[in-house]
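Report on the following structure.
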Amino acid sequence: MPRLGASTRITLALAVAAAVAVAASSAASATRATTLNGAGSSLIAPAVAVWAPAYAKAAGVEINYSAVGSGAGIAAITAKTVDFGASDAPLSDSQASACGDCVQIPWALSATVPTYNIPGLHSGQLKLDGPTLANIFLGNITNWNAPAIKKLNPGVALPNLAITTVHRSDGSGDTYAFTNYLSKVSPTWASKVGFSTAVSWPGGVGGAKNAGVAAVIASTPGSIGYISVAYVIQNHLDWTKMKNAAGNYVLASAPDIEAAAATVKSVPTNNQLSIVDPPKSATKAWPLSTFTYVIVHTSSPQATDLRHFIFWALGPKAQKMINNSFLVFAPIPKVVLVAAEKTLNKVHS
């Protein structure tokens, strides 16, 4: 909206300018979006559920979000059936090409967590390292009292119980983070399975979205899977301590996630970031930490409202809303915030 400078002289020209400004403001208000529609990542869904009512109150714009999974979210924004998509996995080269003028903006920081259902064992009582976790999902370790697991857990009463692995059946950013991590810590996993939002699993049971995987784990004694940390807490599930590259066993707390993100010193122009298996120097880092992205077209009829909403979500107040023990989103490093806001400036009508 045009701003009128201070003046001590009231002239006809100024009156006309004021009238034009009022008319322009009214027209802009009339064409502003009252709703922004998004779809994608189930990891970010708990954050959006907190943001949406706060943003509606602050800006008068409703946020409708469907947690259909990162893969479906990328497809939706590519087809322009939503105003924004969301993914915990950065766009692949082919996805970026198909999406045309899309940009990806990191707007939250959280973690993927190995989660188990072992009778008698609670959160933090089971310790795993990357190679052992990979061998479990490769089907090389099939029982909870296997020597490799017992070696990592001296003094822990591990049951003679078959292992059931649980994975996402839909395209998922959590799958991307999980398989990216396993590819880094296990050459066998890297060569046989690799990493993506969807892979050919060596075995196990599938569940749709974080909620579906959580439900399978909760109902299956002996199971282990991976879900976003907020869903672990919401579903009262148990989670592992993981051995990081520094040799320390850590839990997926906000400070440990933040420690992984602190290893980011620069951001590439496409904002693609990977912070799984951070270096030994990150002594407290959770090894399956991940950024999650909002994806928008740079040319959009809702550009003004999208820029406003995303800028608001990146702000300290909105980030603080989701930085708590129930949601476990960590603060975004300044270098990533600067890159995110720079990219956001490319979005236009």
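Magnitude of the charge dipole for the chain, about its Cα centre and with charges confined to Cβ atoms of Lys, Arg (+1) and Asp, Glu (-1), is about 620 debye. Look at the dipole of the chain built from charges on Cβ: of GLY71, TYR293, ALA215, the Cα furthest out on the positive end belongs to TYR293. So what is the diffusion coefficient of the range 112-261 in µm² per second by Stokes-Einstein at 4 °C and 1.567 mPa s, using a Kirkwood Rh over Cα pairs? After rounding, the answer is 85 µm²/s.
For the chain, the antiparallel share of DSSP beta bridges with both residues in that region comes to about 60%.
When a/c is below 1.5 the answer is rounded, else prolate if a/b is larger than b/c, else oblate, so apply that to the chain with a ≥ b ≥ c taken from the square roots of the Cα gyration tensor eigenvalues. Prolate, since a/c reaches 1.5 and a/b exceeds b/c. Highest-first packing order for the peptide set 190-200, 95-105 is 95-105, 190-200, based on the mean count of other beta carbon atoms within 10 Å.
Legend: ranking of residues VAL264, VAL338, VAL205, VAL232 from fewest to most surrounding C-beta atoms inside 10 Å; resulting order VAL338, VAL205, VAL264, VAL232.
Counting beta carbons within 10 Å around each of VAL328, VAL267 and listing the fewest first gives the order VAL267, VAL328.
Could you give the angle, 0 to 90 degrees to the nearest 10, between helix 45-59's Cα long axis and the longest principal axis of the Cα atoms of the chain? Value to nearest ten degrees: 20.
Just to verify a number: FRET efficiency for SER299 and HIS122, C-beta to C-beta distance, R0 = 41 Å, to 0.05? The pair SER299/HIS122 has a calculated efficiency of 0.20. Filter the cross-link list LYS241/LYS265; LYS241/LYS280; LYS243/LYS334 down to pairs whose alpha-carbon distance in this structure exceeds 22 Å. Check vs 22 Å cut-off fails for LYS241/LYS265; LYS243/LYS334. For the chain, set up a GNM with springs between Cα atoms under 10 Å and report which of SER70, SER253, SER289 has the largest fluctuation. Of SER70, SER253, SER289, the most mobile in the Gaussian network model is SER253.
Summarising the label geometry, the points placed 7 Å from Cα in the beta-carbon direction at SER94 and ALA157 lie 5.1 nm from one another.
Only one residue of ALA245, THR112, VAL48 has its Cα farthest out toward the positive end of the dipole of the chain, where Lys and Arg carry +1 and Asp and Glu -1 on Cβ, and that residue is ALA245. With a cut-off of 15 Å between beta carbons, the residues surrounding VAL193 carry a summed charge of +3, where Lys and Arg count +1 and Asp and Glu -1. If you take all other residues with their beta carbon under 15 Å from the beta carbon of ALA148, and give Lys and Arg +1 and Asp and Glu -1, the sum is +3.
Taking a sphere under 15 Å around the Cβ of SER42 and counting the other residues whose Cβ falls inside, with K and R at +1 and D and E at -1, yields a net charge of -1. Taking Cα atoms only, the orientation of helix 334-344 departs from the longest principal axis of the chain by about 50 degrees.
DSSP bridge analysis restricted to the range 112-261 gives an antiparallel fraction near 60%, rounded to the nearest 5.
Throughout, read-outs are computed from the coordinates displayed, never taken from laboratory work. Treat the numbers as computed from the prediction; the structure is a model and nothing was measured. Counting neighbours? That spans all protein chains shown, and the Cβs are built from the backbone with ideal geometry, glycine included.
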